[in-house]
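Student: Would you mind keeping the following structure in view while I ask a few things?
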Amino acid sequence: MRHLRTIDDLGVDGIQRVLDLARDANSLPSLRGRAVASLFFESSTRTRLSFETAARRLSAEVLSLAPGVSSANKGESLRDTLLTVEAMGADVLVVRHARAGVPGRAAAWTSATVVNAGDGAHEHPTQALVDLFTLVTRLQISQGRGLEGLRIAIVGDVAHSRVARSGVRAFTALGAQVTLVGPPTLLPPGLETWPVEVAYELDEVLPKVDVVYLLRLQEERMQGALLPGRREYRARYGMTRERVARLGGDALVMHPGPMVRGLEIADEVAEDPRCVAREQAVHGVAVRMAVLSYLLEGGTGGRGV
Ligand code: NCD
């Protein structure tokens, strides 16, 4: 049974395989007769839409749970909810939850394949795969090649970011060098064990990187006053037009969405051709088709090995 709870469930070979399948997403074998349950216990736009679209394009059935109107808010335990969905025939549970570790529990409770669509501040592995796919497509990196030599700065609220945790694992697995940039209050403790460099000033890092990956300030997960103030945050870490001008000529700006324009990213930067946020959103469907196919067809894309 394959699951995608963290990027580490794939390893380098699995990551490369998913990227290869995503390049060829329109010729993936049909998943007719399979059912994918979309279980978003926390809000989502891109991730949910792209998972459901991906499942439908592969002709799978989609079971969709709207948390606001499900019995999850009548006191039913999460385990009972998941077991009910499994009993309705779901082969895959795509799970987003505000609590870290829920996808791991789901994999232990049920016999379905589990995909983590974001759990608390832990991981968001399919976002990292989308980001990798966006990079290899935009930079025209050929099949099977890594990201050796690519320098990526991940900027902002790393402490609360599952996107950053999965991104660091995925980018470094393929050979990129990652620098985390932010005020000390928004960087998590224990970074000495992460395979990254750390910097506190964006302006020092800008000329030295190929990719600036911006994170949203996840105030819904902040306890206490961690922010220096929005104005100061924008002044030190906001991606402004002036800062984009100081990037290398081929450098890219990334953002997983939702973007807060005027805070971590200026309006003009979001519209700049070097900002690939829209491509990230668009590639979400192909990459999630690849993930579903990889997990259900055993990584062969149905063609046998
Ligand atoms: C992110 C998430 O939900 O983790 N968005 C996404 O899935 N594209 C990032 C965020 O909420 O800031």
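Student: Report the semi-axes of the equivalent ellipsoid for the stretch 88-236 in whole Å, largest first, where each axis is √(5λ) for an eigenvalue λ of the Cα gyration tensor.
Tutor: Semi-axes, largest first: 28, 22, 12 Å.
Student: Compute the long axis of helix 11-23 from its Cα atoms, compare it with the longest principal axis of the Cα atoms of the chain, and write down the angle in degrees, 0 to 90, nearest 10.
Tutor: So the inclination is approximately 80 degrees.
Student: Can you tell me the relative contact order of the chain? Whole percent, Cα pairs under 8 Å, sequence separation 6 or more.
Tutor: Working: 572 pairs, mean separation 65.4, N = 305.
Answer for the chain is 21 percent.
Student: Any idea what the alpha-carbon Rg over 2.2 N^0.38 Å comes to for the stretch 211-281?
Tutor: Dividing the Cα Rg of the stretch 211-281 by 2.2 N^0.38 Å gives 1.12.
Student: Moving to a separate point now. Among residues other than ASP210 whose Cβ falls under 13 Å from its Cβ, what is the net charge (Lys/Arg +1, Asp/Glu -1)?
Tutor: +2
Student: Moving on. Multiply the residue separation of THR45 and SER64 by 0.36 nm, subtract the distance between their alpha-carbon atoms, and state the gained length in nm to one decimal.
Tutor: Using 0.36 nm per residue and subtracting the Cα-Cα distance, I get 5.5 nm.
Student: Here is a follow-up. Determine, for MET222, MET254, MET1, MET88, the number of other Cβ atoms within 10 Å of each Cβ, and report the residues in order from fewest to most.
Tutor: So the ranking, lowest neighbour count to highest, is MET1, MET88, MET222, MET254.
Student: Looking at LEU292, ILE265, GLN280, which one has the Cα that reaches farthest to the positive end of the dipole of the stretch 253-297 (charges on Cβ: Lys, Arg +1; Asp, Glu -1)?
Tutor: Value: LEU292.
Student: Continuing with this model, one more query. Assuming a viscosity of 0.890 mPa s and a temperature of 25 °C, what translational diffusion coefficient in µm² per second does Stokes-Einstein assign to the stretch 26-69, Rh being the Kirkwood radius over Cα pairs?
Tutor: 223
Student: By the scheme Lys and Arg +1, Asp and Glu -1, what is the net charge of all other residues having a beta-carbon under 14 Å from that of GLN143?
Tutor: Residues close to GLN143 contribute a combined charge of 0.
Student: Here's another thing I want to ask about it. Using the beta-carbon distance between ASP8 and ARG261 and R0 = 30 Å, what value does 1/(1 + (r/R0)^6) give for FRET efficiency, to the nearest 0.05?
Tutor: Details: r = 34 Å, r/R0 = 1.12.
After rounding to 0.05, the efficiency reads 0.35.
Student: Now, a different point. Mind pulling the angle between the C-alpha long axis of helix 277-297 and the longest principal axis of the chain? Nearest 10 degrees, somewhere in 0 to 90.
Tutor: Between the helix axis and the principal axis of the chain, the angle is about 30 degrees.
Student: Still on this structure: Net charge near GLU61, counting Lys/Arg +1 and Asp/Glu -1 over other residues with Cβ under 10 Å of its Cβ? Let's see the in-between values first.
Tutor: Working: positive: ARG32, ARG34, ARG56; negative: ASP91.
After counting each charged neighbour, the total is +2.
Student: Among THR137, THR185, which comes first, then next, by fewest other beta-carbon atoms within 10 Å?
Tutor: THR185, THR137
Student: If you don't mind, another one. At a Förster radius of 25 Å, what calculated FRET efficiency corresponds to the Cβ-Cβ distance of ARG221 and SER30, to the nearest 0.05? Please report the intermediate quantities before stating the final value.
Tutor: On the way: r = 39 Å, r/R0 = 1.56.
According to the calculation, E is roughly 0.05.
Student: For labels at THR185 and GLU148 in the simple 7 Å Cα→Cβ model, what's the distance in nm?
Tutor: A separation of 4.3 nm, rounded to one decimal place.
Student: If the convex hull of the alpha-carbon atoms of the chain is projected onto planes in all directions, what is the mean projected area in square nanometres?
Tutor: 15.5
All of the numbers you see were taken from the coordinates with simple rules; none came from a lab. No experiment lies behind these values; they were computed from the predicted model shown. Using ideal geometry, Cβ is built from the backbone for each residue, glycine included, and neighbour counts are taken over all protein chains shown.
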